[in-house]
Every structure is written in C-alpha cells, then in structure tokens.
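Asker: The structure's right below; bear with me while I get my questions together.
Since every read-out is calculated from the coordinates, none of them should be taken as a lab result. Keep in mind that this is a model prediction, so the values were computed, not measured. Quick reminder, even Gly has a Cβ in these numbers, built from the backbone with ideal geometry, and neighbours come from all protein chains shown.
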Amino acid sequence: MKVQLAITWTVGILVTAGVIIVAAQAGQPGPVTQTEKPVAASTIALPAATDVKPATKFQPPSDLDMPKDEFGKTVQLGKNIFEHTSSYASKYTGPTNLRCASCHLDAGRLADSAPLWAAYVSYPAYRSKNKHVNTYSERMQGCFKFSMNGKAPPLGDPVLIALESYSYWLATGATIDPKIAGRGYPKVPKPPLAMDYARGQLVFEQNCAVCHGADGAGQADANGQPNFPALWGSKSFNWGAGMGSIKNAVGFIKANMPLGLGGTLSDQQAWDVAIFMDSHERPQDPRFQGDIAATRAKYHDSSDSMYGTVVNGQLLGKGTTSANNPTPGMK
Ligand code: HEC
Ligand code: HEC
C-alpha cells in the first residue's frame, strides 16, 4: 500500500514535467529513465508507413512557437490566467484553490480533458444550461461563475480577451468542428452495478486522498500555493458547475485520475468515486432560488445531480460558507 502510494506520487510529479504521457503510452507507468526521451511518444503513438489510419487527435502548437509580438503577449497572458487564475484574474475568482487548468489539464492542451483548442472551434453553440446560443466568451464566463465559484468577467474584459486569444492560438490549424476528436471529457459506459457511495469512498481512500487530502479539501505546497485542488468543501467548484454532473466527473476521472495513471480505474470504480465526490457539500449554486427543492426542480432535476437529495441522512445543497463568501453563491 505504501509502495503504491509512493509510485503514484512519482508519477504525479512526472506528469507535471509532461513526461509521463510517454511512459503511460508505452504501458510502463513507472519512473522514466534518462535514456527515454519524450520524442519516443510519436513513434509509439503513430507507427509510420501503415495503411491503417491511426486515430490521431489534433496537436496544438508548441509554446516555443508562441508569437513574440503584441498578439503573442496577450496569448501568453491568457496562458498565465489559465494556469494561475487566482493571481492573474483575482477580481474574478472566489475563495477557491482551483485554477482553470485544474480540470483542463496540461494548460488546456490535453485531449479528453476538455481542451481549449477543441472548445474554441465549437462556438457559438446552443446550450441547454441557459437555453440560448452562447459565444465562446460567454461559455468561459460560465466556468468562472460555476467551476471557479467566482464572478463572470464582463464581456470584452481583458481577462476574457486574453483567454480567448490563448484558445484561438492553441487551435491554430484545427477545423471548425464541434465534434472534433478529443473535445470535452469521454463518455464512460454505465457500470455493471449501480453506483455506490461506500465503494466510492474506498476508491477515494486508496487512490485519491494522498493528493486531494482525506477531507477532499486539497493541499497546498510549502509556500502555501495550492497544488492539489479541492474536490469538495468551500474551496471547490460550486453546485452549479459542470463537474457536479456525475457523468462529466466520471469522464474526467476515468481519463485523467489518479494523475498520471488515467485509464487505470475500472468503469465501476470511476462511477463509484464520482458519486462519492459529488455527494459532498460545496458552495451554493449561484442560481439558488432560496429553497433547495425549488432549485433542484429548476436546475438539477436528473439522476446526474446529487443536489437536493439525501445522502447518509444529510440533505445536500445547503452550500458551504466561508469568510469571503458569507452568503450562499456569489453574483
Ligand atoms: C472544476 C473543474 C473546472 C474548472 C476549474 C474550470 N472548468 Fe471549464 N469546464 C469544466 C467542465 C466540466 C466543462 C464541461 C465539459 C463538457 O461539457 O464536455 C467545462 C467546459 C469549458 C469550456 C467549453 C469546452 C467545450 O468543449 O465546449 C471552456 C471554454 C472552459 N471550460 C473554460 C474554462 C476556463 C477559462 C476556466 C477558468 C476560468 C475553467 N474552464 C475552469 C470544468 C472546469
Ligand atoms: C498524484 C496526485 C493525484 C492523485 C492520486 C489524484 N489526483 Fe486528482 N488532481 C491532481 C492534480 C494535481 C489536479 C489538478 C491538475 C492541475 O492543476 O494541473 C487534479 C484534479 C482533479 C479534479 C479536478 C479539479 C477539482 O478539484 O475538482 C478532480 C475532480 C480530481 N482530480 C479527482 C480525483 C480523483 C477522484 C482521484 C482518485 C481516483 C484523484 N483525483 C487522484 C492530483 C491527483
């Protein structure tokens, strides 16, 4: 058990360096030795000169190719906001320890982790969540308000312009196509057994708590910088967020978690841990109608949301409070 955890940590650290992808594809999720260069990835993923067309996914440009002109500065600012959201867009972040890149991994580049290049080529689009056609900027406003539990920057705000510039640049060469491969989080088939909170708790304790904390509140590094984001509680995403939808959560978790070991949980484990995570209290849905039942009826009336249901004798949806966020939800 101890050994397993140690490996998970090593892998987690390697992924930050962008190296583990190679090891995972080679089927050896262990420490990568000096001799294995990341270049090997293309050899492994794309066997050359073959009749079978490999299912490749779009590759965004390298950071090294980021333009050096005025436009490039705005692209770089967008990347900074995406990776250090609370520092670069502090006006619009709530009491969170998440950043945009917490859920859009590899600074918004990673396929199957709702990458920005795939998002950029998919808007304007109709969203059932707010029942009208959303521009790309409006879509990003939603992630500020719900996923970051913050405030939506007004349209035209430099923060949104920088994020849009970064997304546009990442999408260089991509086709306008809302069905582009790698968009969003993968759909995970329903598991053989009904989702189960108790089994999910076990999956969490064995595979997630080491990084996200036994209480799900995340962890900060020695300098107080959050490096493991909160899965629930006052610093996490709020009840209105996409990650509060169990099918989104299961897709993200199955593809990407434990960090560096994506794809290793069974479908059953992924569904169980997703329902466990989404059955904990978190900041109130900013669309709160003053009444949990009414809010559930209006926004959460599906088996995909635990809001307004009773789990272990507790009614979910009361919301958490904190010094910065004394009333449920921010406007
Ligand atoms: C708690 C996790 C989380 C955080 C933090 C987060 N997002 Fe998201 N984001 C999601 C989820 C879930 C979706 C919905 C994906 C889907 O529907 O396939 C999403 C969707 C998006 C989309 C649309 C993707 C598409 O393909 O349609 C964009 C753009 C986006 N987020 C930008 C941002 C930005 C900018 C930030 C930071 C301000 C951010 N997100 C923070 C979870 C998060
Ligand atoms: C090796 C450490 C590690 C382990 C183990 C791990 N995670 Fe994560 N997880 C992270 C990091 C780091 C991020 C944020 C990525 C970033 O900021 O680049 C993250 C992000 C997330 C997010 C999106 C952000 C949020 O806080 O909501 C969810 C959900 C999540 N992990 C769930 C899980 C689950 C469920 C497990 C267990 C099956 C798990 N993680 C195991 C390190 C880990």
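Asker: Ranked highest first by average number of other Cβ atoms within 10 Å, how do 198-205, 230-237, 59-66 line up? Before the final figure, lay out the partial values.
Answerer: Details: 198-205: 16.6, 230-237: 24.2, 59-66: 13.0.
By packing density, highest mean first, the sequence is 230-237, 198-205, 59-66.
Asker: Which order do the peptides 119-127, 71-79 come out in when sorted by mean C-beta neighbours inside 10 angstrom, highest first? Walk me through the intermediate numbers first.
Answerer: Details: 119-127: 17.0, 71-79: 19.1.
Listed from highest to lowest mean packing, they are 71-79, 119-127.
Asker: Given a Förster distance of 35 Å, report the FRET efficiency between Gln206 and Lys73 from their Cβ-Cβ distance, rounded to the nearest 0.05. Show your work: numbers first, answer last.
Answerer: Values: r = 45 Å, r/R0 = 1.29.
My answer for the efficiency is 0.20.
Asker: On to the next question. Of the listed pairs Lys131/Lys254; Lys131/Lys318; Lys187/Lys254; Lys151/Lys235; Lys145/Lys235, which have alpha-carbon separations greater than 21 Å here?
Answerer: Flagged as over cut-off: Lys131/Lys254; Lys131/Lys318.
Asker: What does the charge count around Gly317 come to, taking other residues whose C-beta lies under 14 Å from its C-beta (Lys +1, Arg +1, Asp -1, Glu -1)?
Answerer: Details: positive: Arg282, Arg287, Arg296, Lys298, Lys318; negative: Asp278, Glu281, Asp285, Asp291, Asp301.
Local charge sum for Gly317: 0.
Asker: Order these by the 10 Å Cβ neighbour count, fewest first: Lys91, Lys57. Could the numbers behind the result be given before it?
Answerer: Details: Lys91 10, Lys57 16.
By the 10 Å Cβ count, ascending: Lys91, Lys57.
Asker: Which of the aspartates and glutamates could be linked to Lys129 by a straight reach, that is with a Cα gap under 19 Å, when you skip same-chain ones fewer than 8 residues away?
Answerer: Glu138, Asp278, Asp285, Asp301, Asp304
Asker: What is the sum of charges around Asp157, taking Lys and Arg as +1, Asp and Glu as -1, for the other residues whose C-beta is under 15 Å from the C-beta of Asp157? Intermediate results must be reported in sequence, preceding the final value.
Answerer: Details: positive: Lys91, Arg139, Lys145, Lys151; negative: Glu138, Glu164.
Once positives and negatives cancel, what remains is +2.
Asker: Which aspartates and glutamates have a Cα less than 19 Å from the Cα of Lys73, not counting those fewer than 8 places away in the same chain?
Answerer: Partners found: Asp63, Asp65, Glu83, Asp157, Glu164.
Asker: Just add up the charged neighbours of Met66: K/R +1, D/E -1, any other residue whose Cβ is under 11 Å from the Cβ of Met66. Don't jump to the answer; show the numbers that get you there.
Answerer: Values: positive: Lys68, Lys73, Lys79; negative: Asp63, Asp65, Asp69.
Local charge sum for Met66: 0.
Asker: Taking +1 at the Cβ of each Lys and Arg and -1 at the Cβ of each Asp and Glu, which of Tyr136, Gly108, Tyr92 sits farthest along the dipole of the stretch 63-170 towards its positive end, judged by Cα position relative to the Cα centre?
Answerer: Highest projection toward the positive end goes to Tyr92.
Asker: Say each of Ala198 and Asp215 gets a label point 7 Å from the Cα, pointing the same way as Cα to Cβ; how far apart are those two points in nm?
Answerer: 2.6
Asker: Multiplying the sequence separation of Asp106 and Asp157 by 0.36 nm and subtracting their Cα-Cα distance, what value in nm do you get?
Answerer: Working: separation 51, 0.36 × 51 = 18.36 nm, distance 2.45 nm.
Computed gain between Asp106 and Asp157 is 15.9 nm.
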